[in-house]
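The values are calculated or read from the model by the stated rules, or taken from the named source; none is laboratory data. Since we're looking at a predicted model, the values are computed, not measured. We place every Cβ from the backbone using ideal geometry, glycine too, and count neighbours over all the protein chains shown. Surface accessibility is based on the protein's heavy atoms, side chains included, excluding ligands, DNA and RNA. Shrake-Rupley method; radii C 1.70, N 1.55, O 1.52, S 1.80 Å.
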Amino acid sequence: MCGRYTLTCTPEVLAEAFRLEAAPDHQPRYNVAPSHSVVCVRAALPARKREAVTLRWGLIPSWAGEPAKGMNLINARAETVAEKPSFRKPFRERRCLVPADGYYEWKREGLRKQPYHIRLNSERPFAFAGLWDRWTGADGKTIESCAILTTTPNERLASIHDRMPVILPPVAYEPWLDPGSQDATRLLPFLASYPADEMIAVPVSRLVNDPRVDDARCLEALDE
């Protein structure tokens, strides 16, 4: 799964990495957790433009009776995303990029779980494959929210956890965001494990276990 991640780069680096016309309003985040407001990138009008938006992490389906439905929908499995009622329409029509520069996963070691910060060797920001939806309540209140897709782990990460988030290569950004592309047979091949030799996993401080801690201490590396 993907339940915590980091996005510590500057707004200017984000704008460059995701071809945004304007740098998003973003402060470094060291411990992004479900229910937090997160920066996402999605298609905008006119066609082939991109916009940075702030969405709630935990997808609330447009048809849900109440927002609490989204508390558990932080991830969508790549294997079933095209069929699951909560995700199949967003998968066809409302895909997004969720920028990050690393994510956390926990490996069981005896009676405890050790957090690892997992990132690209390049240490550049990257994009999780995401879905978004818009929920409107009876009172007219609107909430836009998102989920991150997951898949089977690559060989480097399999010993840590049996799932990993889908990390899209930059060449996939344009077709993934294209609202005119709704053919699952064209989209599903993007939902593969990211190459193991381009990633690193570093054991870090257990301070990250507390979602209230959101500073650089979360990334303090431990000796293995």
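Results, tabulated for the structure shown:
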quantity	calculated
Hits in segment 192-219 (condition: within 18 Å of ARG124 (Cα to Cα), touching a helix residue (DSSP H, G or I) at 6+ places or on another chain (Cβ under 9 Å) and of a type outside the set (Val, Ile, Thr))	LEU219
CYS40 being assigned to a strand (DSSP E or B), open to solvent by less than 20 Å² (accessible area, probe 1.4 Å) and out of contact with any helix residue (DSSP H, G or I) (no Cβ under 6 Å at 6 or more places or on another chain)	yes
Selection from segment 93-108 of residues that are among the aromatic types (Phe, Trp, Tyr) and open to solvent by 10 Å² or more (accessible area, probe 1.4 Å)	TRP106
Any pair with Cβ under 7 angstrom, 6 or more apart, that starts in segment 23-34 at a residue that is within 10 Å of THR8 (Cβ to Cβ) and open to solvent by less than 20 Å² (accessible area, probe 1.4 Å) and ends at one that is among the acidic types (Asp, Glu) and part of a loop (DSSP other than H, G, I, E, B)	none
Positions within segment 195-224 being open to solvent by less than 30 Å² (accessible area, probe 1.4 Å) and either in contact with a Ser or Thr (Cβ under 7 Å, 6 or more places away or on another chain) or without any contact (Cβ under 8 Å) to a residue 60 or more places away in the chain (or both), in sequence order	ALA196, CYS218
Residue count for segment 111-139, restricted to those that are open to solvent by less than 60 Å² (accessible area, probe 1.4 Å), of a type outside the set (Lys, Arg) and under 29 Å from ASP197 (Cβ atoms)	13
Candidates PHE18, PHE87, filtered to the one that is within 24 Å of PRO189 (Cα to Cα) and in contact with a helix residue (DSSP H, G or I) (Cβ under 9 Å, 6 or more places away or on another chain)	PHE18
Search result, residues across segment 190-224 that are in a strand (DSSP E or B) and under 18 Å from the mean Cα position of the chain (by Cα)	MET199, ILE200, ALA201
In segment 61-81, the residues that are modelled with pLDDT of 95 or more and hydrophobic (A, V, I, L, M, F, W, C)	ILE74, ALA76, ALA78, VAL81
Matching residues, segment 1-22, being open to solvent by less than 30 Å² (accessible area, probe 1.4 Å), over 18 Å from TYR103 (Cβ atoms) and part of a loop (DSSP other than H, G, I, E, B)	LEU20
For ALA52: the one exception among (1) among the aliphatic types (A, V, I, L, M); (2) in contact (Cβ under 8 Å) with a residue 60 or more places away in the chain; (3) buried (at least 18 other Cβ atoms within 10 Å of the Cβ); (4) under 26 Å from LYS89 (Cβ atoms)	(2)
